[in-house]
1. Being within 27 Å of the chain's Cα centre (by Cα), assigned by TED's automatic domain parsing to the domain that holds Leu363 and without any contact (Cβ under 8 Å) to a residue 24 or more places away in the chain, is that true of even one residue in segment 458-479?
2. If a residue has to be over 23 Å from the mean Cα position of the chain (by Cα) and either among the polar types (S, T, N, Q) or outside the structural domain of Ala342 (by TED's automatic domain parsing) (or both) to count, how many in segment 406-440 make the cut?
3. Within segment 28-39, can one find any residue that is at pLDDT 95 or above and among the hydroxyl-bearing types (Ser, Thr, Tyr)?
4. I need the full set of residues from segment 109-125 which are assigned to a helix (DSSP H, G or I) and closer than 17 Å to Asp65 by Cβ, in order please.
5. Take Ile410 and tell me if it is crowded, with 21+ Cβ neighbours inside 10 Å and either among the small types (Gly, Ala, Ser) or more than 24 Å from Gly277 (Cα to Cα) (or both).
6. In this structure, does Arg75 turn out to be at pLDDT 95 or above and assigned to a helix (DSSP H, G or I)?
7. Against the definition (in contact with a strand residue (DSSP E or B) (Cβ under 9 Å, 6 or more places away or on another chain) and modelled with pLDDT under 95), how does Gly59 come out, yes or no?
Amino acid sequence: MNQPDRHTPRPGVTRGPQLIAYADRFGGTVAGLTALLRGPLVGAFDGVHVLPFFTPFDGADAGFDPVDHTQVDPRLGGWQDVATLADEHTVMADVIVNHVSSDSAQFQDVVREGRRSPWAPMFLTFDAVFPDGATEADLAAIYRPRPGLPFTAMTLGTERRLVWTTFTPEQVDLDVRSPLAWDYLRTVIDTLTSSGVGMLRLDAVGYVAKVPGTTCFMIDEAAEVVGRIREHAHLRGAQMLLEIHGHHLQQIEAARTVDLVYDFALPPLVLHAFAAGDAGPLARWLDIRPTNTVTVLDTHDGIGIIDAGRGPQGQDGLLTDEQIDRLVEWIHEQSGGGSRAATGGAASNLDLYQVNCTFFDALGADDDRYVLARLIQLFVPGIPQVYYVGLMAGRNDMGLLERTGVGRDINRHRYERQEIDAELARPVVRRQLAALRLRAGHPAFEGEARWRVEGTVLHVSWAHGQHRATLEVDVAAVRGVVRATGHDGVLRESTVEGLEAMVTAVL
């Protein structure tokens, strides 16, 4: 069936594939990343999400704790490099809405001066939310993706106070009720869009509003913040992507009011399909999911599980508790225990709702399974984004995990150019690139999609005028066929093994 479009994205941003990458880990600099996109990756990507490149890009949370959100880290380049990248590719950048670095100039002034600092109202403290104190029920209600309460005791001026730190002590939450915080966020948006950034990813925005007696997560006040940011982003000609992990009904509801949301339910459902030989849950999701989505299999974070699971008030999930438990154990088995060593209490910087593993290892490093999973992502409606480690069909970086003790680092390998060139020669990488070039360049994807499931086989087809592109994947047998019309109107088909030749013939 066709999925109704719930909210049409703003003009000016293509729906073709996008790369997700750290500039320092994939290209070395912004200019180096640009050279890859216009060199060996040419034709595969219409856009790129450049993960935090601000000063510094290598802080306590891999750039998501900016000391200066308005400056490109000089080790990666400057704003002119970002503008050059934006000349030919849609560029997405993060607006880190919830917090700034505890080393930022503004917060350091608060550390020195306390309440006397002009910047003090910009940052959130316990007493700003609970001026009369908090009950046990108030504190227990607060949703946090990591163990413990979201407060850190700090000395501000001469006082010992509790500072709101949702993620880490190095990431101090903004008080978005303050005009100072809004001036800060507007400045960040203006700086990014002035250099050609056309898509803004709102990081951790679900946590941005805190109200006593609530979960402090995706509450009405947070939606109001999103609305204000969206209004300013549109004035600057940019599109906005909302980043939240949560129950699938939350994503459906959020999609009605924003430009784009992530389809974070897709990765666990694709994994379940291959793990259990069962495409049913994926098919049910395709019938109800919003289409103004950015689709992913893997990102710089772990593989989200909560997105397919039960809701906070016990709402049914896309997968049952038993199916999720079996899926997590299957990933641990497929990865040879690597994901188990990086997930939950086994590593720091943990998120209780994610499994840390490369997607390639989560599928047992099986080339055919992996390319078929990527094809499912590329044929599902939405803007597909492919993480740089996933593009390289990367293995779990156990050495980096051992050195840092940070679970997510298992999937944040640093590629040197010589290594990239070698990886590009692997059949699994070449086949992914062929699939990406088909998605980016075939006119069928400018039309409408239809899908159905027959037994264990998922069918997805696209049509635009006389152009056709179809995918059939048997998730139990791990077989698939891709068909596409060429310039001569002839429909050609291929299995995974012949994908490169077929794509060359039809484009």
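The values are calculated or read from the model by the stated rules, or taken from the named source; none is laboratory data. Predicted model only: the values in this text are computed from it and were never measured. For neighbour counting, all protein chains shown are included, and Cβ atoms are generated from backbone atoms with ideal geometry for every residue, glycine included.
1. No, segment 458-479 has no match at all.
2. 1
3. Among the residues of segment 28-39, at least one is at pLDDT 95 or above and among the hydroxyl-bearing types (Ser, Thr, Tyr), which makes the answer yes.
4. Listed by number, the residues that qualify are Val110, Val111, Met122.
5. Details: crowded, with 21+ Cβ neighbours inside 10 Å: yes; either among the small types (Gly, Ala, Ser) or more than 24 Å from Gly277 (Cα to Cα) (or both): yes.
Answer is yes for this residue.
6. In short, no.
7. yes
Here's the yes/no breakdown for (1) modelled with pLDDT under 90; (2) crowded, with 22+ Cβ neighbours inside 10 Å; (3) part of a loop (DSSP other than H, G, I, E, B):
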residue	(1), (2), (3)
Pro312	yes, no, yes
Leu318	no, yes, yes
Trp330	no, no, no
Glu333	no, no, no
